[in-house]
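Please treat every number below as a calculation from the coordinates, not as lab data. Since we're looking at a predicted model, the values are computed, not measured. Cβ: placed from backbone, ideal geometry, glycine included. Neighbour counts: every protein chain shown.
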Amino acid sequence: MPLESSSRVVQALASRGYNAEREAVTLIAEADAPGVALETAVEVAPDDALVITTDHVREALATEPVPDPSALDEDATDDRGTADGVSASEGSAAGDGSPVTDGSPAPQTPSVSSGTESTYPTDDGGRVPDETGGSIDESTTGDPSPENSRVGDRSPPAPVVANDMTGESTGTGEYDEFVGVFRDRYERLSGQLRGRVNHRPADSIEAMGGGADVETIGLVNDIRSTASGHWLIELEDTTGTFPCLVMKDRDIADLVDELLLDECIAVSGTLADDAGIVFVDAIHFPDVPRTHRPSTADRHVQAALISDVHVGSQEFLADAWSRFADWLHTEEAERVEYLLIAGDMVEGVGVYPGQDEELDIVDIYDQYERFSEHLKQVPGDMEIVMIPGNHDAVRLAEPQPGFDEELREIMSAHDPQIVSNPAVVDVEGVSILMYHGVSLDEVIAELPEEKASYDEPHKAMYQLLKKRHVAPQFGGKTRVAPEERDYLAIDEVPDVFHTGHVHKLGWGKYHNVLAVNSGCWQAQTDFQKSVNIDPDVAHAPILDLDTLDMTVRKFV
Ligand code: D5M
Ligand code: FE
Ligand code: ZN
């Protein structure tokens, strides 16, 4: 059987361990004898080549064919069934953001379509036209105009990563180091509040005398309700602690619901007559200024933002992944030059009780080998950035360094940038904060439903932006490793905040920062069923870097 489509070429090359540039794939697929062209391209590529390039194929096409390519053609159809079609097809933009069915190839299950959903929910959950002025018209990404028909010479500049602590870890877990990292957190987050309040150190407040106006900045050390239902918040700075009282009938009492232990806030209020407590009039968060104006790319280029691939799990959706990878090879996706993966590449081992029974691959290194095979299906000329998650083979405590040499070697074919969790990635001028998202569980557990929920994970992300810290609460589910500095503080306001972990899709804008939680590529596990997690699977949020418009592609 001839190799008749790009997806089969990709599959055939991946099964031989090669990644391929997109134009190389197109040239092979369009050759008179694709099987021969493929085999010859593999022959002409140097022994140590990881990627089949356009040059290899051109050379192959100019060369006499090698004999008998039939075996490879057989391989190429292995496991793929009807995979020569790309199932994710173009859909029109749906103004209400709902999934679109558009006459594309029949979906595999009745409940899903291969269309798209698009547009932003705003802060209040409504749907509005994009604030940055770019239109959200899915059809533009499929425009087959001559200018757009350029296929395969993606050579995007590598993203520049800031805040990567891989190889920089100094912590040994000593008590002093925890003191140090909290001091750093306080210095940096209080710095963001100092312009707005006139900070009085905790140890000097009492001396101000009863009735004085006071403003102070501290980490939340304790939150208690009093016998009469008011809130007592203890704030701590580098000099000591001071109690602050929020009366239950004040508007600001609602804000107490949003507080997490160890986050940095400021309060303004009045000192009680005995100067022993502050009656709070206002609570201030470090927050993102409403005036924040995001930067954008100066050309039309896109990034796919995904996470939680979970290769090695029986529920990993290999077919959906292949449809996604195949789509990336199509002309419609030619502007998608970046792939950002926000953690949980593999399922890992020993992550939750009973996980063994749901593993498809029991050895974690074998899981990465398989993950690497799936990554090879992605066009070789895309830039990939990945951070670890809690299922990956690095320490659990955050910040998590990027993968070690052994894992990098396994994943080297695509030469991904492997950085720490969290990391700040500059993609063509757009600053993207990537964080796996373990603290989202905590934010969702602690805050009222309307402020953070699994159904609207982006709202939990807004809270992290407001607190300017990706994992404010210490000592809960999110484990924090002490380092010389608090890598988890959000120093610079990002343009885009990308997380995963909760396996739910959600996106929206908070003070002009686009928050995206990217769903997963793993169907519901028995464990997730037992804890009532209903995942959003096989979605790929596609971000226009020049407008910060977003479209979600489904590959279910
Ligand atoms: O996380 C996927 C989702 O499952 C995320 O929201 C956390 C949730 N999860 C994971 N472990 C537990 C436990 N033990 N109890 C409750 N919920 C949990 P992932 O990182 O992919 O496992
Ligand atoms: Fe996950
Ligand atoms: Zn996770």
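Values as computed for the structure displayed
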read-out	value
Phi-based couplings in Hz for the range 221-237 (Karplus 6.51, -1.76, 1.60; Gly and Pro marked x)	8, 7, 10, 9, 9, 8, 4, 9, x, 7, 10, 10, 10, 9, 9, 10, 10
Difference of contour (0.36 nm per residue) and Cα-Cα distance, Ser295 to Asp249	12.4 nm
Antiparallel content of DSSP bridges confined to the range 244-298, in %, to 5	75
Stokes-Einstein translational diffusion, the range 408-491 - Kirkwood Rh over all Cα pairs, 1.002 mPa s, 20 °C, in µm²/s	149
Under 5 Å, built H, 5+ apart or other chain: amide partners of Val311	Val346, Glu347
Cα centroid of the range 526-556 to Cα centroid of the range 302-368, whole Å	12
Interchain or long-range residues, amide H under 5 Å from Ser453's placed H	Lys459, Ala460
Long-range tail of P(r) for the range 233-389 (Cα pairs > 20 Å, %)	67
Average silhouette area of the range 265-312, convex hull of alpha-carbon atoms, in square nanometres	8.2
Alpha-carbon centroids, the range 377-397 and the range 453-493: separation in whole Å	20
Calculated over the range 188-284: convex hull of Cα atoms, volume per residue (Å³)	89
HN-Hα J in Hz across the range 273-282 - Karplus 6.51, -1.76, 1.60, θ = phi - 60°, x for Gly and Pro	4, 8, 6, x, 7, 9, 7, 7, 9, 8
Computed over the range 254-394: relative contact order in percent, which uses C-alpha pairs under 8 Å that are six or more apart	24
Part-to-part distance (alpha-carbon centres) for the range 1-62 and the range 216-266, which is given in Å	63
Phi-based couplings in Hz for the range 208-214 (Karplus 6.51, -1.76, 1.60; Gly and Pro marked x)	5, x, x, x, 5, 6, 9
Proximal charge balance of Thr478 [Cβ under 11 Å; K/R count +1, D/E count -1]	-2
Rounded to 5, the percent of DSSP beta bridges in the range 291-554 classed as antiparallel	50
Ratio of Rg to Rh over the range 291-554 (Cα coordinates, Kirkwood Rh, two decimals)	0.93
Charge dipole magnitude, Cβ of K and R +1, D and E -1 - the range 291-554, Cα centre, debye nearest 20	980
Taking only Cα atoms of the range 344-466, radius of gyration then Dmax in Å	16.2, 45
Positive minus negative residues near Arg188 (Lys, Arg vs Asp, Glu; Cβ under 9 Å)	-1
5 angstrom amide H check on Glu428, placed H, neighbours 5+ away	Val160
Ranked list, fewest to most other Cβ atoms within 10 Å of each Cβ, for Leu464, Leu38	Leu464, Leu38
The range 453-541: C-alpha gyration tensor shape, a/c 1.5 cut-off, then a/b vs b/c	oblate
Cβ-Cβ FRET estimate between Ser228 and Asp363, R0 fixed at 60 Å, reported to 0.05	0.55
Residue-count net charge about Val349 - beta-carbon cut-off 10 Å; Lys, Arg +1, Asp, Glu -1	-3
Cα-based Lys pair tally, the range 291-554, threshold under 26 Å, eight or more apart or on separate chains	27
